[in-house]
Every structure is written in structure tokens, then in C-alpha cells.
């Protein structure tokens with residue numbers, strides 16, 4: 001009985017060994033084939049590089065010939081992608097778009113149906129690189145497909161935003177909350193001003209995270225036409241929206257109603273105190289010099305630092321901090337004044 005068990009175990013071992021060896025050789029052969037394919041594609045890229053460049057310059061496309069096999073298509077996609085990142089201008093973009101539309105569309109469509117995620121993503125990146133707006137209907141279908149991954153959805157939304165698609169605002173309203181903030185910023189940054197205006201007009205209907213990013217974009221993209229929205233948000237009860245609105249004021253340079261931040265210097269939330277100090281400094285609001293001096297004794301280091309930095313922005317800021325080092329009895333205020341006076345003398349940009 002024991003001998004029979006040993007024989008069975010040995011046979012099982014041999015079977016597993018055979019499977020492992022077969023798998024090992026399969027992977028070696030597969031890697032060799034992939035390397036050979038990559039070498040052939042790279043050789044084709046070298047062969048057609050100059051011809052594609054001439055096409056983008058003067059429209060000559062005789063190099064295409066009749067044979068557009070899969071390897072040649074992949075080589076051309078690689079070349080067009082390379083050139084799309086280094087050559088700019090409406091004429092070049094139009095040539096890339098027309099070439100891709102005529103010769104690469106079928107291949108891209110087929111890649112979008114592949115099981116491998118990487119192939120589908122590469123196809124989506126190609127649509128972006130080659131301005132293939134004519135594939136928008138397929139993008140809508142893919143976005144609504146059950147098996148579409150989060151990263152694919154993010155890239156599709158970015159494409160629809162860049163193509164100024166009519167459905168993008170509705171998609172943003174119902175956007176998947178698992179989408180990363182980086183992806184969401186990328187999508188919103190791809191939208192034109194008209195579509196952003198649509199989003200701002202229905203801000204309350206959007207998920208909170210989307211609202212926060214949109215408000216910050218007012219500052220980052222200098223959307224000064226939305227100053228009235230910022231004024232309203234600063235006075236709202238929600239802390240995070242007030243913080244983002246203050247950041248937008250700082251980044252955009254839009255003048256703020258000084259009275260609007262009066263109560264922020266005593267807020268329990270340290271971020272609001274910090275942002276109030278930053279706004280007062282950036283816009284040199286003389287009304288709040290004394291409040292900034294008070295914040296030099298704040299319990300939070302970042303608030304004290306922001307107050308000192310803000311004071312230095314005033315014409316007589318250095319003299320004010322110097323007076324703090326000489327007369328203040330608060331060790332935190334003294335240390336912070338000394339620190340920022342040294343930074344000021346060292347050419348620190350504030």
C-alpha cells in the first residue's frame with residue numbers, strides 16, 4: 001500500500017515537472033517570438049521614419065503601397081505617435097488625423113475589442129494622439145460596457161472631454177467615485193471653457209470631490225469670470241469648499257472682499273486660518289496686519305509660518321517681524337519671525 005502511494009506520488013511529481021518544463025519552454029518561445037516581432041517593427045519604423053516625416057510636411061503618401069499588414073500598421077502607429085508629441089501645428093495635426101482615419105481606424109477598432117487590457121489602453125492612447133474624433137460612438141459603447149475597467153473609463157472621459165462631446169457633462173455628474181483624483185483633474189483639465197461653464201452652472205448636482213477640484217480649477221486656469229461663485233462659496237458653511245475657494249483666490253489673484261475672511265482668523269479649523277493668512281498676504285490686505293501678528297502665536301506651525309510669510313509681503317513687513325523678535329514675549333512668535341527674516345535675507349521666494 002505504501003509502495004503504491006509512493007509510485008502515485010512519483011508519477012504526480014513527473015507530471016508536474018513535465019507541465020513546468022513545458023510552461024518554461026513555452027514562455028521562452030513566446031518571448032523569442034515577441035522579441036523578433038519587436039525587432040521587425042523597429043526595423044520598419046526605421047525604414048519609414050523619413051517617409052512619414054515627409055508625409056506630415058507635404059502630404060506625400062506613396063510609401064504606403066498596397067500592403068498594410070499588421071506589423072506595418074503597428075510601425076506606422078509608433079511613428080505617428082512619436083511625431084504627434086514633437087510636431088505641432090494645425091496642419092500637422094490634420095494630416096495625422098486624416099492618415100489615422102483612413103489607414104488605422106480598422107486596426108484601432110479591432111484592438112479595442114481585444115481581451116488584453118494593455119492592448120485596449122494602447123488603442124485609447126492612439127485615439128488621443130491621432131485626434132480620432134470619428135470614433136466617439138465606439139467610445140460611448142465602450143464606456144457603458146460592463147467589463148470596462150476604471151482606467152479605461154478615465155481615458156475615455158478624457159477623450160470625450162477633449163473632443164467636446166455633448167454627453168461629457170452628464171458623464172461627469174455620474175462619475176465613478178473610485179476614480180483617482182489625478183484622473184479626475186486630467187479629465188476636467190481637458191474640457192473647454194464652455195463645458196466647464198456648464199459644470200459650474202450645476203455645481204450643486206456634482207459629487208463633492210468633483211466640486212472641490214472644479215473650484216480649485218478657477219484659480220489654476222485663471223477663470224476670473226467665476227469670481228461671483230467664489231464670493232458665494234467663501235460664505236458657505238461647508239469648510240472644504242471654503243478652503244478650496246480661498247485657494248482659488250490665491251492662485252487666480254482675483255480681488256477678494258476683505259470682509260469675507262474676517263472671521264476665518266479665529267476659526268477652529270487650522271486650514272481656514274492658514275488660508276486666511278495666505279490670502280491676506282497675497283492681496284496685501286492692510287486691514288489684517290494685526291490679525292496676522294496674532295497668528296504668529298498660533299498653535300499650528302503651518303499657520304504661524306503662513307502668517308510670517310504673509311507679513312513679509314507688506315512693504316514694511318521686515319520691520320514688523322524684526323519688532324516681533326525684539327519685543328514679543330511669545331517664544332513661538334519670536335522663533336517664527338527669526339526664521340522668516342533669515343529666509344527673506346537668503347532670497348527665499350514668498
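The values are calculated or read from the model by the stated rules, or taken from the named source; none is laboratory data. Since we're looking at a predicted model, the values are computed, not measured. Neighbour counts are summed over all protein chains in view; Cβ atoms, including those assigned to glycine, are modelled from backbone coordinates with ideal geometry.
One table, with the values for the structure above:
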{"read-out": "Yes/no for residue 30 being farther than 29 Å from residue 163 by Cβ and assigned to a helix (DSSP H, G or I)", "value": "yes"}
{"read-out": "Breaking point among (1) part of a helix (DSSP H, G or I); (2) in the same structural domain as residue 130 (by TED's automatic domain parsing), for residue 8", "value": "(2)"}
{"read-out": "Members of the range 158-194 found to be part of a helix (DSSP H, G or I), more than 16 Å from the chain's Cα centre (by Cα) and farther than 20 Å from residue 135 by Cα, listed by number", "value": "173, 193, 194"}
{"read-out": "Test for residue 307: is it touching a residue at least 24 places away in the same chain (Cβ under 8 Å), part of a helix (DSSP H, G or I) and farther than 24 Å from residue 251 by Cα", "value": "no"}
{"read-out": "Of all residues in the range 143-153 being farther than 16 Å from residue 163 by Cα and in contact (Cβ under 8 Å) with a residue 24 or more places away in the chain, the one that is surrounded by the most Cβ atoms within 10 Å (Cβ to Cβ)", "value": "152"}
{"read-out": "Hits in the range 87-122 (condition: surrounded by 18 or more Cβ atoms within 10 Å (Cβ to Cβ) and not in a helix (DSSP H, G or I))", "value": "104, 112"}
{"read-out": "Subset tally (residues that are modelled with pLDDT of 85 or more and within 30 Å of residue 72 (Cα to Cα)) for the range 3-38", "value": "6"}
{"read-out": "Filter pass, residue 334 being surrounded by 14 or more Cβ atoms within 10 Å (Cβ to Cβ), without any contact (Cβ under 8 Å) to a residue 40 or more places away in the chain and either over 36 Å from the mean Cα position of the chain (by Cα) or part of a helix (DSSP H, G or I) (or both)", "value": "yes"}
{"read-out": "Residue 222 over 23 Å from residue 266 (Cα atoms) and outside any helix (DSSP H, G or I)", "value": "yes"}
{"read-out": "Scan of the range 133-157 for residues that are assigned to a loop (DSSP other than H, G, I, E, B) and under 21 Å from the mean Cα position of the chain (by Cα), ordered by number", "value": "148, 149"}
